[in-house]
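Values quoted throughout were computed directly from the atomic coordinates according to the rules given, and no laboratory measurement underlies them. As the structure is a prediction and not an experimental result, all values here were calculated from the model. For neighbour counting, all protein chains shown are included, and Cβ atoms are generated from backbone atoms with ideal geometry for every residue, glycine included.
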Amino acid sequence: MNLIVVGAGGIARELIRRLGESWAVTVVDPTPDLLEQFDPGRPVERVPGDGSSRVVLERAGLARADAVVAATYDDDVNLEICRLARDAGVDRVTSIAAEPENARTYHDRGIPVASPDALAARRLELSLETRRVDSTAFA
């Protein structure tokens, strides 16, 4: 399975570390130094360039991609990456929402999205608040 991840930040690194070995991963980022230092703990192909450019995504293997993840910290860039991937026929396209208030825009376009701020806040909330409802397993 071929995956293109646009953005060589911490979210991309952690995602790639969690994925199974069946994924061949290509990482795209416009910052050569960041791309060179990017170490997810497994081999990845690195493509320098602006991931919101169709030409750069094609160089990264868009035609054979099974999935594309837009993981930059710019919602306009992420939305364009998702549009290009969808236009190219990629089945699995997902993104992060750099600004939580922009998550609705992704949802309106049918793009699965995660908000790092919202996820971190939820995790912290769970560590601070006692659970109001206990889960019980049913046999």
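Observations
- Stokes-Einstein D for segment 1-64, Kirkwood Rh over Cα pairs, 4 °C, 1.567 mPa s (µm²/s): 112 µm²/s
- Relative to the longest principal axis of the Cα atoms of the chain, the long axis of helix 75-87 lies at roughly 70 degrees.
- Neighbours of E36 by Cβ distance under 12 Å: Lys/Arg scored +1, Asp/Glu scored -1, total -2.
- The three principal axes of the Cα atoms in the chain give end-to-end lengths of 51, 34, 34 Å, sorted in falling order.
- Relative to the Cα centre, the charge distribution of segment 1-115, modelled as +1 at Lys and Arg Cβ and -1 at Asp and Glu Cβ, gives a dipole magnitude of about 400 debye.
- Dipole axis of segment 44-139 (+1 Lys, Arg; -1 Asp, Glu on Cβ), positive-most option in A71, I111, G89: G89
- Angle between the chain longest axis and helix 116-128 axis [Cα atoms, degrees, rounded to 10]: 20 degrees
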